[in-house]
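Below is one structure, written out as structure tokens; comments come after it.
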Amino acid sequence: MIEQRLETKQIQGLVPTVEMQQAIALLPMSTLELQQHVQQQLQENPMLELAEEEPEEEAEESKKEESETQAAAEQESSIADAEDEPLPEPPTESEPEFEPSDPDYENLFSDLPPSVPTRDSTGDDAGSVMERTTSEAETLSDHLLEQVRMTTTDPEIRHAAEIVISRLDADGFCDMSAEELAEACNIDPTTMQTAWSLIRTLDPPGVGARNVRECLLIQMERKGWIGSTAFAMIRDHFEEVGKNRLPTVARKLGVSLEEVVAALEQIKTLEPRPGRSFGSQETNYIVPDVIVEKVGGEYVVSLRNDGIPRLRVSRYYRNLYEQLRRHRNKDTQYLKDRLDSAVLLIKSLERRKNTLYRVAKSIVNHQIEFFEYGPKYLKPMTLRVVADDLQVHESTISRITTQKYMQTPRGTFEMKFFFTSPVETESGESLSARSVRTILKEIIESENPRRPYSDQQLAEILKKRGFRIARRTVTKYREQMNIPPLKQRIRYLDS
């Protein structure tokens, strides 16, 4: 029989405070997620309000008017409360007076580092471009539905066409045949086939196909290419064309290699994914969180200022709380909880901003050669390097660089782009894996297209340049850059 005992043990451990948990939760949020979180808190917490900047004279006048208005409102409120409600009984010795410890609102950020430099965007910046693009973009479904309304007045065919359109993916393809859709939706097969054929006559050409091959064939039919070498290549030898086995295709079709190469150039004028040029609700836009500019020979780091609204504690509700704080009731406790929550959020946002700025500064300092000379000079750098620099934990660096982007003179990059593993050279020096991939890409771009390099040959070329790279590593880097293998890079004739 197993003996059960109850024991008490004393252990040491780090218990995160509420403030620490709040700060950690905000670190990995993207700008959009943080905006949504702040807007939600503004709606739920009356102690929070937007801190809009005003000219000094207007701000002082506004403060004076606001204080007078609040004083009058408080006086009226206190008189009404005195008339309507009896004052609470004084606390007894066993029931201590409710005196919560309040933060110093005038020095709310005294324990934080100085404010970081920020920058507002202009009307033509990425933010406004994103708003215009989002509102003006037409989806593929909208484009097709409008054409259906203009093409047929038959309600049954319209309904069936709407079903087909609803099944299209972002590329304009449908994963079901007309027969399958008719059976699944309990629609007359003839009506569904008519609607299906109607969709395939609409713009963009090739929409409604089930795959790339069918899409290209539809476009060729509309162009009158039936019977051409290009049509036969896609209809009968699609996979071999995709693998660039052009001599095999030429032999099977009984035509010259020159004719196959010319037909392939003709095929390249078609659109294999007709729906990708249309807007979608799932479109993602990159708005940089950090801006790096070269000013007077030095790289200056600033944060985007218009991403997250500035918050402050509402004077009205704070004064209301100060007035009612000695009343031990649910309303007072509610105001106290909301006040603590507001202060906690404001301080957490400031800490997040400061951490992001310090991390960005550290990245720029360590990768100064990248900003000066380009991707080939990206140094190997791990999270620990920046963590040690800022005296924080590696997990903090990982969280704050998640879904954050840096706009630089070299382009816009995700902040995790700058963290890369080292690759040893023959001389004992270390280069980043991204630098090696950049060099590998340059080698492939300069190769003879009639005789491209194999992965083994690429590894040998890199070895001659002093890089200890195995063939399988070359293959991995090539695939990461979406560069096809040797056989698919061959160009049989000069175009």
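Any idea which of (1) within 40 Å of the chain's Cα centre (by Cα); (2) surrounded by 16 or more Cβ atoms within 10 Å (Cβ to Cβ) is the one Glu221 doesn't satisfy? All conditions pass for Glu221, except number (2). For the structure I just gave you, tell me whether Tyr477 is over 28 Å from Val292 (Cα atoms), at pLDDT 85 or above, among the aromatic types (Phe, Trp, Tyr) and in a helix (DSSP H, G or I). In short, yes.
Gln403 meets all of the listed conditions (1) modelled with pLDDT of 90 or more; (2) of a type in the set (S, T, N, Q); (3) within 18 Å of Leu26 (Cβ to Cβ) but one, namely (1).
Residue-by-condition table, conditions (1) surrounded by 15 or more Cβ atoms within 10 Å (Cβ to Cβ); (2) touching a residue at least 60 places away in the same chain (Cβ under 8 Å):
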residue	(1), (2)
His237	yes, no
Ser256	no, no
Lys268	no, no
Val292	yes, yes
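Given the condition hydroxyl-bearing (Ser, Thr, Tyr), surrounded by 13 or more Cβ atoms within 10 Å (Cβ to Cβ) and in contact (Cβ under 8 Å) with a residue 60 or more places away in the chain, answer yes or no: does some residue in the stretch 430-443 qualify? Yes, the stretch 430-443 has at least one match.
Criterion applied to Pro452, Pro422, Pro409 was being at pLDDT 85 or above and surrounded by fewer than 18 Cβ atoms within 10 Å (Cβ to Cβ), and the one residue passing it is Pro409. Across the stretch 480-495, the number of residues qualifying as in a loop (DSSP other than H, G, I, E, B), modelled with pLDDT under 90 and within 16 Å of Thr438 (Cβ to Cβ) comes to 2.
Suppose we keep only residues that are assigned to a helix (DSSP H, G or I) and of a type in the set (Gly, Ala, Ser) within the stretch 388-413. Which one would you say is nearest to the chain's Cα centre (by Cα)?
Top of the filtered list is Ser398.
The C-beta contact set for the stretch 20-42 (first residue surrounded by 15 or more Cβ atoms within 10 Å (Cβ to Cβ) and assigned to a helix (DSSP H, G or I), second residue modelled with pLDDT under 85 and among the basic types (Lys, Arg), distance under 9 angstrom, 6+ apart or interchain) comprises Thr31/Arg304. Restricting attention to the stretch 186-204, does a residue exist that is aromatic (Phe, Trp, Tyr) and under 20 Å from Ser141 (Cβ atoms)? Looking through the stretch 186-204, at least one residue is aromatic (Phe, Trp, Tyr) and under 20 Å from Ser141 (Cβ atoms). The residue of the stretch 122-153 that is modelled with the lowest pLDDT, among those that are in contact with a Gly (Cβ under 7 Å, 6 or more places away or on another chain) and in a loop (DSSP other than H, G, I, E, B), is Ala137.
The values are calculated or read from the model by the stated rules, or taken from the named source; none is laboratory data. Remember, it's a predicted structure, so these values are computed and weren't measured experimentally. Here Cβ is always computed from backbone atoms with ideal geometry, including for glycine, and neighbour counts include all displayed protein chains.
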